[in-house]
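I have placed the structure first, in the form of structure tokens, so that the comments after it can refer back to it.
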Amino acid sequence: MKNRTKLPNIYLGVILCLIYLPIVLVVVYSFNESKISSVWGGFSLRWYETLFKDRAMFEALVNSIVLGLSSSLGAVGFTKIQARTKNVVEYISMLPIMTPEIILGMVFMAFFSLLGLPFGMTTLILAHTVFCIPYIYMLVKARLVGLDKSLP
């Protein structure tokens with residue numbers, strides 16, 4: 001019988017706390033009444049009320065949800081297909097991750113300028129979408145690889 005210490009379990013617990021503590025704090029402080037996030041002003045739904053009343057903020061929330069869902073569905077679809085070009089398409093979709101952000105930004109600026117698109121929210125959303133989808137795709141695909149193949 002091996003004499004195991006509890007050190008690995010303690011280490012894992014500390015690491016998990018460090019990873020999830022910021023997320024928990026963001027959720028807790030989203031219910032803060034105060035405008036200053038470091039000062040607790042009491043429990044309130046004020047910021048959620050503001051979110052749903054502000055059309056631009058609500059539209060941004062909806063865009064984020066649509067982007068996340070479409071990226072996730074793309075990853076699910078890619079794990080189901082068995083095409084010859086699957087590896088090529090996966091590689092091309094990962095290019096924004098491999099390209100430095102400043103270079104990618106300059107390429108987007110040149111591309112949108114070439115197309116004659118005015119710089120603004122539309123071009124910002126297009127560039128952000130192209131930049132973020134590979135990250136979501138990569139994370140969802142990694143989780144799907146470990147799932148049972150018999151699941152629909």
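The values are calculated or read from the model by the stated rules, or taken from the named source; none is laboratory data. Note that the coordinates shown come from a computational prediction; the quantities given were computed from them, not determined experimentally. For neighbour counting, all protein chains shown are included, and Cβ atoms are generated from backbone atoms with ideal geometry for every residue, glycine included. Heavy atoms of the whole protein, side chains included, go into the accessibility calculation; ligands, DNA and RNA do not. Shrake-Rupley method; radii C 1.70, N 1.55, O 1.52, S 1.80 Å.
Where in the stretch 85-149 are there trypsin sites (Lys or Arg not before Pro) that are in a DSSP coil and have at most 15 other Cβ atoms within 10 angstrom of their Cβ?
Of the trypsin sites (Lys or Arg not before Pro), the ones in loops of the stretch 85-149 whose Cβ has at most 15 other Cβ atoms within 10 Å are Lys149.
For the pair Gln82 and Leu114, how long in nm is the line joining their label points, each one 7 Å along Cα→Cβ?
Distance between the two pseudo-spin positions: 3.8 nm.
Label points 7 Å out from Cα along the Cβ direction at Lys35 and Phe131: separation in nm?
2.9 nm
Keeping to pairs on different chains or 8 or more places apart, tell me how many lysine pairs in the chain have Cα atoms under 30 Å apart.
Summing the qualifying lysine pairs gives 6.
In nanometres, what is the gap between the two model label sites at Glu90 and Ser44, each 7 Å from Cα along Cα-to-Cβ?
The answer from the label model is 4.9 nm.
Would you compute, for the Cα atoms of the stretch 79-125, the largest minus smallest coordinate along each principal axis and list the three values in descending order, in whole Å?
Extents along the principal axes, in whole Å: 39, 20, 17.
Carbon and sulfur atoms: what percent of the 1.4 Å accessible area of the stretch 32-119 do they account for?
70 percent
Is the stretch 26-78 rounded, prolate or oblate when judged by the Cα gyration tensor, a ≥ b ≥ c being the square roots of its eigenvalues, rounded requiring a/c under 1.5 and prolate requiring a/b larger than b/c?
The shape class here is prolate.
I need the shape label for the stretch 3-152. Rule: rounded when a/c is under 1.5, else prolate if a/b > b/c, else oblate, with a, b, c from the alpha carbon gyration tensor.
oblate
Got the relative contact order for the chain handy, in percent, Cα pairs under 8 Å and 6 or more residues apart?
Relative CO of the chain lands at 21 percent.
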